[in-house]
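The next block holds one structure in the form of structure tokens; read it before the comments.
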Amino acid sequence: MKYFPNPAQWVTRSACCLIAAWIFMSMSGCASLGQTKSDLPKRQAITELGWWYAAFQIAWSQNEEPAWYNDLIIADRIIAPVLDRYKQDIPLWRFHRRAALDQAGHRFSFIFYSTPETARKIYEAIESTALLQEMKSTGVIINITYDDTGRITRPDIDGTSDGQWSQPVRRSWPYFIMGVSRMWLDLIDQFAEDGRQKPSSLAEIQASYREIDRNVREAWEKEGGHAFLHHLSAVFGYNPVLINQKYPVRF
């Protein structure tokens, strides 16, 4: 299967998985969400909570580069306001980005851990966003998939982690990737607030976020090696890490 990684994503299939290396050091506090360690869910399943997906399939002419900037629009203009509104009810959340030559194609997902009632409210809030409806009506977003909130199918903390990982990694990873996603979203927000004129039409919004996407990718390319990967490596004592289970690498 052929993947089309954004230049900001050379080292990982799951986009953004390593963007915020230093975030791992602050997972116990999750200060960005105003939580303390005792506020976070236990690693065991909490029966009233489960994982929920809002998956956006984005139009993609597959002989061209995916329009990655549309992911940023969804994250910053559609998901961020909803996330801010319900953050006290979502102990864990993350983004996932992918584009591959398969049926799913280019897809951006918001994945969160909450009660079914909170999930219903979040889905309703997403659907009520005017920009989302415009992106759907103009064919930018061709499909949105929501989970059935009638039952919890992923109650475990590691319910969306890679099944090939060891159990300790599966259970710890959701805290790491939430910090990664939070930093990626904050980078978008900072570049969007740099004094540029606020876009109004969808075409203007896309042009603006195309530039913001370039800014974020440049930050990753130029500063990610030290700011993110090096400091993540430092947390683990600079121990080599296997790339594709073959080549040990130190950052």
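Bear in mind these aren't lab numbers, they're just calculated from the coordinates by the rules spelled out. The structure presented is a predicted model; accordingly, all values stated were derived computationally and were not measured. Glycine also receives a Cβ, built like all others from the backbone with ideal geometry; neighbour counts cover every protein chain displayed.
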Chain lengthening between Ala207 and Ala59 when straightened (0.36 nm per residue, less Cα-Cα): 51.6 nm
Glu221 versus Thr129: modelled label distance in nm, points set 7 Å from Cα along the beta carbon direction: 2.7
Estimated Rh, the stretch 103-170: Kirkwood, alpha-carbon pairs, angstrom: 14.3
Extension gain, Arg85 back to Ser137 (0.36 nm per residue minus Cα-Cα distance, nm): 16.2 nm
Cα pair distances exceeding 21 angstrom across the stretch 146-251, given as percent: 58
Pair Gln103, Gln190: separation of 7 Å Cα→Cβ label points (nm): 4.1
Contour minus Cα-Cα distance for Gln167 and Lys198 (0.36 nm per residue): 6.6 nm
Given charges at Cβ of Lys, Arg, Asp, Glu: the stretch 115-192 dipole, positive-most of Leu131, Ser161, Thr115: Ser161
